[in-house]
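Have a look at the structure below before the remarks.
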Amino acid sequence: MKEKLQDIAISIFSICLQKGISINIQWIPRGENSKADYISKIIDYEDWGVSEFFYSFINDLLGPCTVDRFASSRNTKLERFNSLFWNVNTEAVDCFTQNWSGENNWIVPPIYLVLRAIKHEIDYKARVVLIENPFLGTEPFIAPVLAVKLDATRITRP
């Protein structure tokens, strides 16, 4: 890992040398950088999404969607999106602080937030395209429930 970081640092230095760019580097002790260090180690295990092909198919069928409510800057399908943590260009951190009415909401929530998302949809009388986690059937207590149901606004595993 450190060798790879060294190679990246040398590459950055070479580009800066070629372009006449000067960089002032400052080392910060870990104790004075604890928040950034902590944030850099957060792994979002719920950061998954669907393929562009699948999104396009569903969006053509039920869209157009206007806001991606459970996204990150890496997996968003729309220009407007909400995220769990701050991301570049996110409209909001925590989609549940937003009013979903008046939008066609693309929601691909983590399994533990599906019921809360449905409640939020009902509370705001919102239109949603709900895609449940494709790995849902891998859980032993959910495995028998694999039939797919399609209705006007929702694709789910009942």
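Every read-out reported here was derived from the displayed coordinates using simple, explicitly stated rules and does not represent laboratory data. Being a predicted model, the structure only gives us computed values, none of them experimental. Note that each Cβ is placed from the backbone with ideal geometry, even for glycine, and that neighbours are counted across all protein chains shown.
For the reader, a short list of remarks on this structure follows.
- Length added when fully stretched, residue 27-residue 116, from 0.36 nm per residue minus Cα-Cα: 27.7 nm
- Shape metrics for segment 12-125, restricted to C-alpha atoms - Rg then Dmax, Å: 19.1, 58
- Square roots of 5 times each gyration tensor eigenvalue, C-alpha, segment 1-40, largest first, Å: 25, 14, 8
- The relative contact order of segment 1-88, computed from alpha carbon pairs under 8 Å that lie at least 6 residues apart in sequence, is 16 percent.
- Charge dipole of segment 1-40 (Cα centre as origin; +1 on each Lys and Arg Cβ, -1 on each Asp and Glu Cβ, all else neutral): 60 debye, rounded to the nearest 20.
- Multiplying the residue separation of residue 52 and residue 93 by 0.36 nm and subtracting their alpha-carbon distance yields 12.4 nm.
- Sorting the segments 72-82, 92-102 by their residues' average number of neighbouring beta-carbon atoms within 10 angstrom, most packed first, yields 72-82, 92-102.
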